[in-house]
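The values are calculated or read from the model by the stated rules, or taken from the named source; none is laboratory data. Keep in mind it's a predicted model, so treat the numbers as computed, not measured. Here the Cβ positions follow ideal geometry from the backbone for every residue, glycine too, while neighbour counts run over all protein chains shown.
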Amino acid sequence: FWLVTYFLKFAAQLELELDHIRPVLSFEIVSYLTFEGVNLCEQLETTALQQGNDLKPCLRRMHLVVTAIREFVQAVDTYKKITHLSREDREHLLELQLQIGATEDLKCLFILLIRQYNPHIQNKQYLQDLIVTNHILLLFLDNVVKLPEYKGNANLMDHIKQFATVEVMRQYGLLLEDFQNNGEFINDCVFTMMHVG
């Protein structure tokens with residue numbers, strides 16, 4: 001996960017040729033990250049039930065999955081804005097966006113992770129990254145469903161309504177407790193979900 005997290009950030013900043021990062025910027029990778037997110041969430045639940053287990057490795061990996069997904073989505077956004085891409089590269093990015101837009105698993109992962117957040121074992125930085133990444137993903141998906149090539153029937157408002165539960169809003173409220181120290185963007189992510197949800 002750390003490779004995706006750190007490599008994609010630099011690749012996008014340096015505008016490396018898409019040919020060099022195509023194996024990383026693929027639907028297979030985002031599917032793998034989604035699978036690992038669910039898997040680690042389950043692992044954490046079972047490991048936390050057993051006394052004396054070290055949760056740190058699992059917590060670190062979960063945090064890395066979240067940041068890897070954020071960097072992945074941001075890299076796609078960055079690359080699609082580059083004007084000198086070849087037609088083949090543009091088609092690859094379009095196909096990737098449409099594939100991400102068509103999958104429910106990635107969207108549902110963030111509902112699961114936010115709902116399962118435990119302030120007794122997980123830190124606030126993780127919650128911040130979780131909520132910010134979800135916000136970035138929802139903005140990304142909102143753009144995908146507006147593409148003329150998008151033929152799916154995803155309704156983002158129906159998806160967002162799933163966040164309007166006591167458990168999920170409690171997590172957003174936890175982050176809001178520190179609103180004066182949060183950055184403006186973090187507070188914007190929280191207020192947007194509370195307003196829309």
Query raised in the report: From LEU14, LEU18, which residue is at pLDDT below 95, surrounded by 15 or more Cβ atoms within 10 Å (Cβ to Cβ) and farther than 30 Å from ILE121 by Cα?
Result: LEU18
**Report entry** All positions within segment 101-145 that are polar (S, T, N, Q) and in contact with a Cys (Cβ under 7 Å, 6 or more places away or on another chain)
**Finding:** GLN116
Report task. Filter segment 150-181 for residues that are at pLDDT below 90, surrounded by 15 or more Cβ atoms within 10 Å (Cβ to Cβ) and more than 19 Å from the chain's Cα centre (by Cα) and give the result. Result -> LEU176
Report task. Could you check, for segment 66-77, whether at least one of its residues is in a loop (DSSP other than H, G, I, E, B) and either modelled with pLDDT under 95 or not hydrophobic (A, V, I, L, M, F, W, C) (or both)? Result -> no
Report summary line: The lone condition GLU36 fails out of (1) touching a Phe, Trp or Tyr at 6+ places or on another chain (Cβ under 9 Å); (2) over 30 Å from PRO119 (Cα atoms) is (2)
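Conditions (1) within 12 Å of LEU18 (Cα to Cα); (2) without any contact (Cβ under 8 Å) to a residue 60 or more places away in the chain; (3) more than 12 Å from the chain's Cα centre (by Cα), marked per residue:
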| position | (1), (2), (3) |
| --- | --- |
| LEU59 | no, no, yes |
| VAL76 | yes, no, yes |
| LYS81 | no, yes, yes |
| LEU85 | yes, no, yes |
| LEU96 | no, no, yes |
Query - Qualifying residue in segment 60-68 (condition: out of contact with any Asp or Glu (no Cβ under 7 Å at 6 or more places or on another chain), among the hydroxyl-bearing types (Ser, Thr, Tyr) and crowded, with 18+ Cβ neighbours inside 10 Å) - result: no
